[in-house]
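First the structure, in the form of structure tokens, and then the observations on it.
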Amino acid sequence: MAEAYIVAAVRTAGGRRGGKLAGWHPADLAAQVIDALVARSGIDPAAVEDVILGCVSQVGEQATNVARNAVLASRLPESVPGTSVDRQCGSSQQALHFAAQAVMSGAMDAVIAGGVESMTRVPMFTPNALPAKAGLGTYMSPAMKRRYPGVEFSQFTGAEMIAKNYGIEKDALDRYALESHRRAMAATRAGAFDEEIVPIEILQADGSGAGEQHTVDEGIRFDATLEGIAGVKLIAEGGRCTAATASQICDGASGVLVVNERGLKALGVKPLARIHHMNVMGHDPVIMLEAPLPATLRALKKAGMRIQDIDLYEVNEAFAPVPIAWLEALDADPARLNVNGGAIALGHPLGASGTKLMATLVHALGRRGKRYGLQTMCEGGGMANVTIVERL
């Protein structure tokens with residue numbers, strides 16, 4: 001079977017809710033990433049055979065196949081199709097898996113995988129809230145309710161369950177959150193994100209340019225202190241998690257260009273990385289966010305690797321208990337985890353986070369001269385994708 005190579009990987013800098021990316025329609029924002037991938041790789045736009053984009057809230061400005069809409073807003077010709085994927089927070093990581101599978105099979109030679117989420121313009125939970133308000137029902141079917149009687153699936157509940165089950169106290173969560181900001185600050189000041197970030201013009205309310213480029217992740221708190229983080233009120237009374245120890249609401253887009261050997265030969269460029277292993281796993285939908293732990297163990301076993309073989313890990317910081325529990329379950333090295341900070345500092349633009357983390361991972365491997373990287377993230381419904389890449 002053919003190999004799958006990543007030849008370009010980019011993302012926007014994260015935008016806060018109502019912040020510097022709020023003026024962008026999500027299809028146009030995704031188009032900026034698509035165009036950057038084309039420009040950086042030098043590929044003929046007509047040679048892109050598909051665009052697969054992850055997006056969680058596929059309603060309103062993100063409805064009606066946002067991937068195809070992004071293609072039509074980009075430099076790509078109309079002949080390039082697009083399809084949208086929803087695997088919750090792992091949507092664009094799954095888009096990458098689909099793209100890799102397409103080129104490895106030989107069915108296609110060059111595919112763009114990515115994601116977009118404007119959490120300003122399409123707020124979280126909108127796909128559920130609008131139909132419920134209109135009396136159109138809920139995603140919870142009678143059969144689901146019989147299987148999980150009295151259960152209200154909630155990521156917040158899942159985060160608290162993980163903290164309790166793994167004995168992670170609030171002060172450990174607070175310290176972890178501070179470290180995420182510190183690493184993100186250090187990476188920003190060192191220029192570690194420069195190669196992966198696509199500068200995006202800041203738009204005013206009327207759609208005109210503000211004469212400024214957005215290039216720095218807006219969620220990083222450069223003045224973060226442990227005292228300040230510890231002082232944020234609990235999400236649930238008697239719980240351990242706060243907004244300061246959870247991922248930030250974020251606007252953003254990201255993407256990678258994936259090719260096989262034929263595509264690589266046609267481009268004549270050196271790849272950033274090779275897809276070494278892909279895996280996805282379902283787990284308990286009630287605790288929900290624990291799935292990356294067994295999924296990573298299974299992925300390593302199937303790949304014939306140990307966690308010690310992996311040089312860098314990106315584990316999405318949906319809530320601080322997730323990466324902390326992951327480190328414990330894998331007996332992994334904290335110094336290799338989210339080395340440039342994570343979603344607590346950089347933001348979590350839902351459907352865009354998968355390829356956002358991959359862009360950060362492959363560039364971090366390159367900057368540090370490391371070989372293997374692993375990416376995983378928890379997903380609504382109790383699932384997790386795992387991707388292992390080899391830097392080339």
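The values are calculated or read from the model by the stated rules, or taken from the named source; none is laboratory data. This one's a predicted model, so the numbers in the text were calculated from it and none came from an experiment. Cβ sites come from the backbone with ideal geometry, for glycine too, and all protein chains shown count toward neighbours. These area figures cover heavy atoms from the full protein model, side chains too; ligands, DNA and RNA do not enter into them. Shrake-Rupley method; radii C 1.70, N 1.55, O 1.52, S 1.80 Å.
Observations
- Segment 284-392 - percent of accessible surface contributed by carbon and sulfur, probe 1.4 Å: 47
- The stretch between Y148 and A190 holds 10.3 nm of extra length on full extension. This uses 0.36 nm per residue minus the Cα-Cα distance.
- Relative compactness, the chain, computed as alpha-carbon Rg over 2.2 N^0.38 Å: 0.93
- Here the simple spin-label model places points 7 Å from the Cα toward Cβ, and for M305 and A2 these points are separated by 2.3 nm.
- Put a plus charge on the Cβ of each Lys and Arg, a minus charge on the Cβ of each Asp and Glu, and nothing anywhere else: the dipole of segment 301-346 about its Cα centre is then about 180 debye.
- For the chain, adding -39500 (n - 2.57) for each run of n ≥ 4 DSSP H residues and dividing by the number of residues yields -10500 deg cm²/dmol at 222 nm.
- Accessible heavy-atom area order of V103, V280, highest first, probe of 1.4 Å: V280, V103
- FRET E, pair L226, S105, Förster distance 45 Å, beta-carbon r, rounded to 0.05: 0.35
- Once you reduce segment 296-371 and segment 152-208 to the center of their Cα atoms, the two points are 13 Å from each other.
- Modelled label positions at R262 and N165, each set 7 Å beyond Cα in the direction of Cβ, lie 4.5 nm from each other.
- Percentage relative contact order, segment 86-215, counting C-alpha pairs under 8 Å, at least six apart: 9
- With a 1.4 Å probe rolled over the protein heavy atoms of all chains, the accessible area of R121, R75 falls in the order R75, R121, largest first.
- The alpha carbon gyration tensor of segment 30-109 gives principal lengths a ≥ b ≥ c with a/c of 1.5 or higher and a/b no greater than b/c, which makes the shape oblate.
- Kirkwood Rh, Cα atoms: Rg over Rh of segment 1-146: 1.02
- Virtual paramagnetic centre 7 Å along Cα→Cβ of F156, amide N under 18 Å, in segment 316-343: 318-322
- Label-point gap, in nm, between T138 and A46 - each point 7 angstrom along Cα→Cβ: 5.2
- For the listed peptides 356-369, 234-247, a ranking on the average number of other beta carbons within 10 Å per residue, highest first, reads 356-369, 234-247.
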